[in-house]
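The structure appears below as structure tokens.
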Amino acid sequence: MSDFKKAARTDHKLRSAVFGPAGSGKTRFALELAKALCPEGKRVAFIDTEGGRAREYADLFDFDEAQLEKFSVQDYLAMMTDAYKSGLYGVLVIDSLSAFWDGPGGILAQKDQAGGRFDAWAKLNPQIKRLMDAIVRYPTHTICTMRTRTEWVEQVDDRGKKSFVSAGKGPAFKDGAVYEFSFFASLDQDHTIRVLKSPPGSELDGYSGDSVTGDVIQRLKEWCNA
């Protein structure tokens, strides 16, 4: 008897990530999306690496938060497991995933401890894969935020005066790893969201609009419930 059978879509969980500079509305967008996706009778679990900043939204959104102060793969996985085992949650928010990359105890810190040697990646890459696998296989919807990796570029105005301005250059995370998410988007400081990757059938590829008042959240909700 063949192991193959007709493919059919089952209960689908969204694996999503957004990145942007400070003030772009990453946390607000994550909470808005979590509210829209959270099943009835379940709650939102919020892993906070930003010193409790999410509490600023406590009057606007109903969620349970836990503070993460060390940023190794073991620290992230332990908190994710704790949320899952409670049985209370229908959405997991990780704000932010960039702390795993460049925070204390994170990937870049471990690379520095190894003397910055290139061969350190032989031990670090499996950690990244382990965390990403845990996120994309997590039993609930997952929403991650990341900071923009900022670079300074020289700019010359009409009078020939030179100045340096900050220019975002992708998320502060390992190049390429973020594309394992089914939904991936950037946010800028006027709260415009630009969709870089979206689930098949969501019709969001290339979408650009307001991150809160636009219809990206509604479309993602409809896709999850289809």
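Listed by chain and number, the lysines placed with their C-alpha closer than 16 angstrom to that of K35 are K13, K26, K221; residues fewer than eight positions away on the same chain are left out.
Here the dipole of the chain is about 660 debye; that uses its Cα centre as origin and unit charges on the Cβ of Lys and Arg (positive) and Asp and Glu (negative).
Considering only S198, S211, S86, the Gaussian network model of the chain with Cα springs below 10 Å gives its largest mean-square fluctuation to S86. If R0 is 41 Å, what FRET efficiency do you get for F61 and D158 from their C-beta distance, rounded to 0.05? In this case the efficiency is close to 0.35.
When DSSP beta bridges are restricted to pairs lying wholly in the chain, around 40% turn out antiparallel.
Between the range 1-45 and the range 132-162, the alpha-carbon centres lie 20 Å apart. Straight-line reach from K42: which aspartates and glutamates have a Cα under 12 Å away, not including same-chain ones fewer than 8 places off? Answer for K42, where 12 Å is the Cα cut-off: D62, D64, listed by chain and number. Taking the fewest neighbouring Cβ atoms within 10 Å as the starting point, the ordered list for L33, L124 is L124, L33. Annotation: aspartates and glutamates with alpha-carbon distance below 13 angstrom to K197 (same-chain offsets under eight excluded): E180, D205. When shorter helices are ignored and each DSSP H run of at least 4 residues is given -39500 (n - 2.57), the per-residue value for the chain at 222 nm works out to -8500 deg cm²/dmol. Counting other Cβ atoms within 10 Å, which trypsin sites (Lys or Arg not before Pro) in the range 1-110 have at most 10 and lie in a DSSP loop? Sparse-neighbourhood loop trypsin sites (Lys or Arg not before Pro): K5, K6, R9.
Which net charge results when you count Lys and Arg as +1 and Asp and Glu as -1 among the other residues whose beta-carbon is under 13 Å from that of S16?
My count for the surroundings of S16 gives +3.
Where a number appears in this text, it was derived from the coordinates with a stated rule and is not lab data. Every value quoted in this text rests on a predicted model; they were computed, and no experiment measured them. No Cβ is skipped: glycine too gets one built from the backbone with ideal geometry, and neighbour counts run over all protein chains shown.
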